[in-house]
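Visitor: This structure is in structure tokens; I'll ask about it shortly.
The values are calculated or read from the model by the stated rules, or taken from the named source; none is laboratory data. Quantities reported herein were computed from a predicted structural model and do not represent experimental measurements. With ideal geometry, Cβ positions are generated from the backbone for all residues, glycine too; neighbour counts draw on all protein chains shown.
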Number of protein chains: 2
Amino acid sequence: MAEIGRLAGVSQVTVSRALSTPDKVSPETLERIRNAIERTGYVPNAVAGALASSKSRLIAALVPSVTNIVYASVLHAFSEIMWDRGYQIMLSETGLELDREEKAIATHLSRRPDAMLLTGVRHSAGSRRMLHNAGIPVVEIWDVTDTPIDCCVGFSHKEAGRVAADFAVGAGYAHAATITAGDERAICRRDAFAHRYERLTGTKVQAADFAAHATLGLGREGLAQLLDRNLPRGSVIFCSSDQFAQGALVEATARGLCVPQDIAIIGFGDQEFAASTVPALTTVRIDRQILGQTAANALLARFAASPETAMVHDIGFEIVRRQSA
Amino acid sequence: MAEIGRLAGVSQVTVSRALSTPDKVSPETLERIRNAIERTGYVPNAVAGALASSKSRLIAALVPSVTNIVYASVLHAFSEIMWDRGYQIMLSETGLELDREEKAIATHLSRRPDAMLLTGVRHSAGSRRMLHNAGIPVVEIWDVTDTPIDCCVGFSHKEAGRVAADFAVGAGYAHAATITAGDERAICRRDAFAHRYERLTGTKVQAADFAAHATLGLGREGLAQLLDRNLPRGSVIFCSSDQFAQGALVEATARGLCVPQDIAIIGFGDQEFAASTVPALTTVRIDRQILGQTAANALLARFAASPETAMVHDIGFEIVRRQSA
DNA sequence: GTGAAAGCGCTAACAC
DNA sequence: GTGTTAGCGCTTTCAC
């Protein structure tokens, strides 16, 4: 930067100004500086800038997994807005364990990000303490809570399970089952579904649970297990993701069962393929784009220090009724 | 850090050493320093460290899209290794346009990453120049070229298309068609497939092309289009992704066509669901985990300055024959 | 094994 | 509108 200044016949500070606040530099000077930068191929050092200004324009984003489309698409919407505002994303995958998240938080904090995005609302005490000390805006996504660290953008998984049960009962399904992945929030939905369904109908809800993440193959296996345990015809199955739902659909079809007459299926997530399967999937839609955007805007609002911003955004969900239930 | 030193009765430098090279500090001193850190909840400032040492331990990763499982899973494998070695990932999505990539490269370079991961082997002249000036290790993934910027880990898309055509001919399919997304590399595979198939059989290959990214819905539409154009029974369809293949499968089944007897389908990618559809998908497998790991190791090797490391790694691919073709 | 000094490349505060 | 000065919080080098 000093070198650029020399070439342009100005001091180093003026170059700094030309880059950050061009309107505070005279047009002619600016021109000369731009020229020098062009000629030399100079790339400013944002690390030094961050140290001097204690603003990194870096956002740490911690998600359980990038290969899960559900988190990936939120991240996509989130980072698009952030990128447009000049922020960049440092990414880490935390899996589902709290201590891995804690380690990731500590490491990221040492980079002095301007804000942090966390998935879920459960965090270790150590994580909370570090985040508190760091004093940066934090947004927790994919869930809601009365006690957010800072802001929170998500929806109630309990409520989603309940509403799905209400739907199942309202649609007249006299029996129900669940296929659930090994994910805290999925389990919460399953329990809420079963609770509500059992209370309303007095009929026990059967469960096929998997410790792994949801795949089409496991969805098939889930339905197979349920059928082996004599799941009655006319049952509805509440799946913890559309992957499972599609798997159940494939398995049902392979066995010559009609969906939704013999077996009805409810997915979760309303993924891209859900509308195009045969029959099309009835599912719970979460607007992941809105979720990501709202999270980004919440952080941006915090940067602008708007104090009146609501801290918890419940973006809700919606049952999308198609043909599978 | 000076504060920690005060509390531990040593100088600031000793604290620095205790953190980076603990064995160069006496056990008792170390103990007192660790204590002070624990008490205060001190988090080192990696920004200052990066500035002083000009080592950021940050890797910039540029992929077309995180919501595409194919890139996401490579990223996952890549970042897992990098994380274990103490590196963190700055992520950007570049889409498919070269100038967006160039902007992202410039921005990331200002953060002084220790290395950069790029998707594909085509980059703008400006990108190449900046990367060259930066003098950091660069790994290009998902393709191979004779003229890598630095290292390159991928496979030949041309070869993949050709081998798929050989497979189709060898399996006795007398007609062929393609369903292709608007992606440079997918188009390359399509062309190689068509070329080879036409040369071997003398029969023209029909094409359904989409500008958008591959989805199940578009796969259905692709087959529908092909069928409307009187695609003969007994044709094989080479899809640019498993999503398309699954869509074609759904559409064929919905129309009462038998797969592979009436229509045979070849996917691309061997995604998680490919083995579990009915019939299971014949597809081209790319080992995305190996790809990501190889990319990470190539960079790590560059850091260690091993000069004998091969610059281009062709990880190949494999036709996985299941039931759909 | 430990410390003092210098400096990484910027921004902030203040002069002019 | 532009320059001067003083750091930001570390690592590096060299001395002891």
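Visitor: Going through segment A:52-79 one residue at a time, which ones are within 14 Å of DNA strand D (Cβ to nearest atom) and facing chain B (nearest Cβ under 7 Å)?
Guide: If the condition is that a residue be within 14 Å of DNA strand D (Cβ to nearest atom) and facing chain B (nearest Cβ under 7 Å), then A:Ser56 is the only one that fits.
Visitor: Which residues, counting only those in segment A:40-80, are charged (D, E, K, R) and more than 12 Å from DNA strand C (Cβ to nearest atom)?
Guide: A:Glu80
Visitor: Another question about this same structure. Can you name the helices (runs of 4 or more DSSP H) wholly within segment A:138-228 that have at least 2 residues being in the same structural domain as A:Thr277 (by TED's automatic domain parsing), without any contact (Cβ under 8 Å) to a residue 60 or more places away in the chain and aliphatic (A, V, I, L, M)?
Guide: A:184-201, A:216-228
Visitor: Which of the numbered conditions does A:Val10 fail, given that it passes all the others? Conditions: (1) within 16 Å of DNA strand C (Cβ to nearest atom); (2) of a type in the set (Val, Ile, Thr); (3) closer than 30 Å to A:Asn297 by Cβ; (4) part of a loop (DSSP other than H, G, I, E, B).
Guide: (3)
Visitor: Only one residue in A:Thr253, A:Thr294 is at pLDDT 95 or above, part of a helix (DSSP H, G or I) and assigned by TED's automatic domain parsing to the domain that holds A:Ile141. Which one?
Guide: Only one candidate qualifies: A:Thr294.
This table checks each residue for (1) crowded, with 20+ Cβ neighbours inside 10 Å; (2) at negative phi; (3) within 10 Å of chain B (Cβ to nearest Cβ); (4) away from DNA strand D (no atom under 16 Å from the Cβ).
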residue	(1), (2), (3), (4)
A:Arg34	no, yes, no, no
A:Ala50	yes, yes, yes, no
A:Gln88	yes, yes, yes, yes
A:Glu102	no, yes, no, yes
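Visitor: Go through (1) in contact (Cβ under 8 Å) with a residue 12 or more places away in the chain; (2) more than 23 Å from B:Ala134 (Cβ to Cβ) one by one and return the number of the condition A:Glu97 breaks.
Guide: (1)
Visitor: Could you please find all residues in segment A:16-32 being within 40 Å of the chain's Cα centre (by Cα), near DNA strand D (Cβ under 8 Å from one of its atoms) and either surrounded by 12 or more Cβ atoms within 10 Å (Cβ to Cβ) or of a type in the set (Ser, Thr, Tyr) (or both)?
Guide: A:Arg17, A:Ala18
Visitor: When you go through B:Ala171, B:Ala125, B:Ala134 one by one, which is the residue that is within 14 Å of chain A (Cβ to nearest Cβ), over 17 Å from the mean Cα position of the chain (by Cα) and surrounded by fewer than 16 Cβ atoms within 10 Å (Cβ to Cβ)?
Guide: The match here is B:Ala125.
Per-residue answers, yes or no, for (1) among the polar types (S, T, N, Q); (2) over 15 Å from A:His76 (Cα atoms):
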{"position": "B:Val66", "(1), (2)": "no, no"}
{"position": "B:Val74", "(1), (2)": "no, yes"}
{"position": "B:Met82", "(1), (2)": "no, yes"}
{"position": "B:Ile89", "(1), (2)": "no, yes"}
{"position": "B:Ser92", "(1), (2)": "yes, no"}
{"position": "B:Lys103", "(1), (2)": "no, yes"}
{"position": "B:Arg111", "(1), (2)": "no, yes"}
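Visitor: Quick test for you: out of A:Thr294, A:Thr277, A:Thr282, pick the one residue that is within 30 Å of A:Val312 (Cα to Cα), among the hydroxyl-bearing types (Ser, Thr, Tyr), crowded, with 17+ Cβ neighbours inside 10 Å and more than 19 Å from the chain's Cα centre (by Cα).
Guide: Sole residue among the options that is within 30 Å of A:Val312 (Cα to Cα), among the hydroxyl-bearing types (Ser, Thr, Tyr), crowded, with 17+ Cβ neighbours inside 10 Å and more than 19 Å from the chain's Cα centre (by Cα): A:Thr282.
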